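Participant: Starting off with a structure, shown below.
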């Protein structure tokens, strides 16, 4: 059994190997830089034109190739370089040898590949020769139309001319030019060398001029630098001298420093001694304070305190005595009060006894009196009724009189006042004559007439009082007592006037002074 | 090919064979270029559009950006 499996496995493996080998023999793959040209049985190109190529072009993929019936060959598409060397004459008739290189390749499109395949498939290595011949011919004609200057400088024109002349041939060959470079131009007559000489001479002259100028500038700069150096040297010397002087001065000062420091030390000693003396004086003063003044103060304080204590003691003693006296008086008063109370009690008791006796006698008398009283009361009642009638009649008459008087007062005050004045006339005259009471000697010039005038004036004083009374009555209440007001009335009148007068004077004074200031 | 835009790398004009670079087949290739309008000159660096294509490598172009 295992042998059969092995055989079957071996057969399968061999068949697989044979298949792979067949596939490898049939299948061809085109690399990116090459094109497979398949020709033979059934190799019809997938061209968009009606005409068949007669072969198949494969790029970038694989294809089956039947061995014996079909043939596949590779056309390299990568770039190639052809060296050119051309001996030619320029437009100016100058013979030159131009060396260059042309880099070209087979075109990538099917037409170019077909053209190139038809021309170069079996002779790909001889392609460089053909290109060399082609480009040397074209370059010769191109350079014949160019000057040396164009050749050197105008590379665009060279490439443009090359393209124009070689384009058709390159298309026929299926090739494209990637680059055309002129590497070297050999000039036998020295034209190019001479071409550069004026410029070279100009450059050389400019270089010499520049060199001379720079040399001059350098020399000037050197001289300036030398002068500066001399100035710097001089400054340095001056500074050195100044520093030396400072050093000398400092040294001299240091030499004097010994005695100076000695003197200053001595001065310091004197200062310290002075301070010590001051401290000693201060100490003596402090000692004096402590030993003399403080005890004296303490003694004075003690004396003061002692005298104060003594005084307080005396005051306390006096107060105690006063209190004692007071208490003693109180005690005596209380004693007297108690005695009086006892006396009063005895008097009351005696009184009560007497009252009891009196009441006993009174009761008897009362009975008698009652009988008498009843009779008397009847008589008194009759009499009282009669009196009451009379009093009522009298009160009504008085009320009527009062009412009439108040009406009269309301209607005609002056009449009432005059009546009251008339009623009070004696008092008024007395008040007026009181002024004469203080007169010791009175000389009357006009005799009896003068006395009359005097009396009249005194009475008019009373009259003015009357006027005042009237005014008061007009103002408010019916006159309570007009006569006493008459003497007091004239007094208050002058005082407001005298107090009112000084007030405006100060108010006007600042204004006046201000005016004065303004005028100044 | 036709309708693609390209950049002029060689002056295009009457009597000249210009060159344009056109993006084609996954790369950029150079084509010989001629003006579509006779006597037109297209300077280097201009952008052109391919109007006609003559295989393998000849195109007629017009200015793409005026």
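Participant: Tell me the label-point distance for the pair residue A:257, residue A:223, using the 7 Å Cα-to-Cβ offset, in nm and rounded to one decimal.
Facilitator: Distance between the two pseudo-spin positions: 5.2 nm.
Participant: Using only the alpha-carbon atoms of region B:5-63 as identical scatterers, what base-10 log of I(q)/I(0) does the Debye formula give at q = 0.19, 0.21, 0.27 Å⁻¹?
Facilitator: -0.53, -0.66, -1.10
Participant: Sticking with this structure for a sec: Express the Stokes-Einstein translational diffusion coefficient of region A:153-265 in µm² s⁻¹, to the nearest whole number, given a Kirkwood radius over alpha-carbon pairs, 10 °C and a viscosity of 1.306 mPa s.
Facilitator: 67 µm²/s
Participant: Take the alpha carbon atoms of region A:389-414, find their center, do the same for region B:1-50, and report the distance between the two centers in whole angstrom.
Facilitator: Centre-to-centre (Cα) distance: 156 Å.
Participant: Follow-up. In what sequence do A:171, A:142, A:402 fall when counting other Cβ within 10 Å, fewest first?
Facilitator: Lowest to highest Cβ neighbour count: A:402, A:171, A:142.
Participant: Give me the one-decimal nm value for the distance between modelled label points at residue A:186 and residue A:343, 7 Å along each residue's Cα-to-Cβ direction.
Facilitator: 19.1 nm
Participant: For A:170, A:251, what's the fewest-to-most ordering of other Cβ within 10 Å of each Cβ?
Facilitator: The most exposed by this proxy come first: A:251, A:170.
Participant: Next question. What's the average, rounded to a whole number, of partner chain beta-carbon atoms within 10 Å of each residue's beta-carbon in B:55-62?
Facilitator: Counting other chains' Cβ atoms within 10 Å and averaging over B:55-62 gives 5.
Participant: Specify the inter-centroid distance of region A:343-361 and region A:258-274, based on alpha-carbon positions, in whole Å.
Facilitator: 124 Å
Participant: Could you give log10 I(q)/I(0) at q = 0.12, 0.14, 0.15, 0.20 Å⁻¹ for region A:90-242, computed by the Debye formula over C-alpha point scatterers of equal weight, without solvent?
Facilitator: -0.70, -0.83, -0.89, -1.18
Participant: Okay, next question. Run the numbers for residue A:379 and residue A:283: contour at 0.36 nm per residue of separation, minus the present Cα-Cα distance, in nm.
Facilitator: Value of the extension gain: 22.2 nm.
Participant: Another one. If neighbour count is taken as other Cβ atoms inside 10 Å, put A:191, A:104, A:243 in order from fewest to most.
Facilitator: Arranged by neighbour count, lowest to highest, A:191, A:104, A:243 become A:243, A:191, A:104.
Participant: Bin all alpha-carbon pair distances of region A:270-362 at 10 Å intervals from 0 and give each bin's fraction as a whole percent.
Facilitator: The percentages, shortest bin first, are 13, 13, 12, 11, 10, 9, 8, 7, 6, 5, 4, 2, 1, 0.
Participant: In nm, to one decimal, how far is the residue A:304 label point from the residue A:33 one, both placed 7 Å along Cα→Cβ?
Facilitator: 13.3 nm
Participant: If I histogram all Cα-Cα distances within region A:244-313 using bins 5 Å wide from 0, what percent of pairs lands in each bin?
Facilitator: Spelled out per bin, shortest first, that is 4, 12, 9, 9, 8, 7, 7, 6, 6, 5, 5, 4, 4, 3, 3, 2, 2, 1, 0, 0.
Participant: Next up: Take the Cα pairs of region A:1-75, get the Kirkwood Rh, then feed it into Stokes-Einstein at 20 °C and 1.002 mPa s and tell me D in µm²/s.
Facilitator: Result for D is 148 µm²/s.
Participant: Rule-of-thumb check for region A:96-158: C-alpha Rg over 2.2 N^0.38 Å?
Facilitator: Dividing the Cα radius of gyration by 2.2 N^0.38 Å gives 1.41.
Participant: Efficiency by 1/(1 + (r/R0)^6): what FRET value for residue A:268 and residue A:247, r their Cβ-Cβ distance, R0 = 45 Å, to the nearest 0.05?
Facilitator: 0.95
Participant: May I ask you to derive the FRET efficiency for residue A:318 and residue A:354 from their Cβ-Cβ distance with R0 = 56 Å, giving the value to the nearest 0.05?
Facilitator: Result of the calculation: an efficiency of 0.55.
Taken together, the values in this text are just the output of simple stated rules run on the coordinates, not laboratory data. Values in this document were obtained by computation on a predicted structure and should not be read as measured data. Cβ: placed from backbone, ideal geometry, glycine included. Neighbour counts: every protein chain shown.
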